[in-house]
Amino acid sequence: MLNVLSLVVALATAQPAATAAPLDAIPKTRLDASLRCLLGVYTLPKGEKVIITGTDGQPRGLQYTLGNGQFGNLREDSSGSFSSEALTIDFAPCSVGTMKLSKDKSTVDGVRIRLIEKTTSITSEGIRLHGKLVLPANGRAKSAAVWIEGSNNNPSTDDAVWQYELASRGV
């Protein structure tokens with residue numbers, strides 16, 4: 001694990017190449033704060049689950065990923081529900097932490113798993129790297145995974161499924 005952390009520190013503090021192009025400004029299209037609290041893993045009946053994330057930096061965009069790998073973008077309608085071609089999700093207020101998922105003419109209740117989320121950043125040579133640490137509810141992971149994505153103008157800290165999937169498994 002120290003080798004991985006050393007690599008992260010080395011990458012974060014590396015000197016940029018003299019011929020490197022200037023970095024693009026990060027667009028201000030991050031997930032709306034009123035939706036951010038909906039992100040995470042929801043348990044469903046029969047041991048199934050659904051993970052809710054943001055969608056490509058869209059302010060009001062959500063995505064679902066079911067335990068069987070099925071996924072899709074969710075569109076918000078005028079009633080406040082989020083729908084795709086395959087399903088509809090009605091979220092309770094964030095403080096409640098529940099949802100109703102309707103699919104194939106049946107509706108099931110989902111309960112958000114409590115996970116610990118901490119935002120962080122590292123600044124090196126005037127460049128600020130944003131990150132998110134997601135931990136199991138007890139704050140203790142069995143192991144750690146560090147994911148370093150390529151450069152783009154869309155931060156993935158709200159859009160990545162793996163951070164919630166791993167934390168729900170104790171990583």
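The values are calculated or read from the model by the stated rules, or taken from the named source; none is laboratory data. No experiment lies behind these values; they were computed from the predicted model shown. Quick reminder, even Gly has a Cβ in these numbers, built from the backbone with ideal geometry, and neighbours come from all protein chains shown. Note: areas computed on protein heavy atoms with side chains; ligands, DNA, RNA excluded. Shrake-Rupley method; radii C 1.70, N 1.55, O 1.52, S 1.80 Å.
Here are some notes:
- Any hit, segment 138-145, residues being outside any strand (DSSP E or B), modelled with pLDDT of 80 or more and surrounded by 15 or more Cβ atoms within 10 Å (Cβ to Cβ): yes
- Every test in (1) open to solvent by 80 Å² or more (accessible area, probe 1.4 Å); (2) in contact with a Lys or Arg (Cβ under 8 Å, 6 or more places away or on another chain) is passed by Ser83 save one, and that test is (1).
- Single condition Leu101 does not satisfy, out of (1) more than 18 Å from the chain's Cα centre (by Cα); (2) part of a loop (DSSP other than H, G, I, E, B); (3) hydrophobic (A, V, I, L, M, F, W, C); (4) closer than 15 Å to Leu62 by Cβ: (2)
- Counting residues in segment 58-76 that are at pLDDT 50 or above and surrounded by fewer than 12 Cβ atoms within 10 Å (Cβ to Cβ) gives one or more.
- Candidates Ile89, Ile122, filtered to the one that is of a type outside the set (D, E, K, R), over 21 Å from Tyr164 (Cα atoms) and touching a strand residue (DSSP E or B) at 6+ places or on another chain (Cβ under 6 Å): Ile122
- Among the candidates Val134, Val111, the residue that is in contact with a helix residue (DSSP H, G or I) (Cβ under 7 Å, 6 or more places away or on another chain), modelled with pLDDT of 85 or more and not in a loop (DSSP other than H, G, I, E, B) is uniquely Val134.
- Residue, farthest from Thr88 (Cα to Cα), within segment 118-132, restricted to residues that are open to solvent by 80 Å² or more (accessible area, probe 1.4 Å) and touching a residue at least 12 places away in the same chain (Cβ under 8 Å): Glu125
- Any hit, segment 78-92, residues being among the aliphatic types (A, V, I, L, M) and farther than 15 Å from Lys49 by Cα: yes
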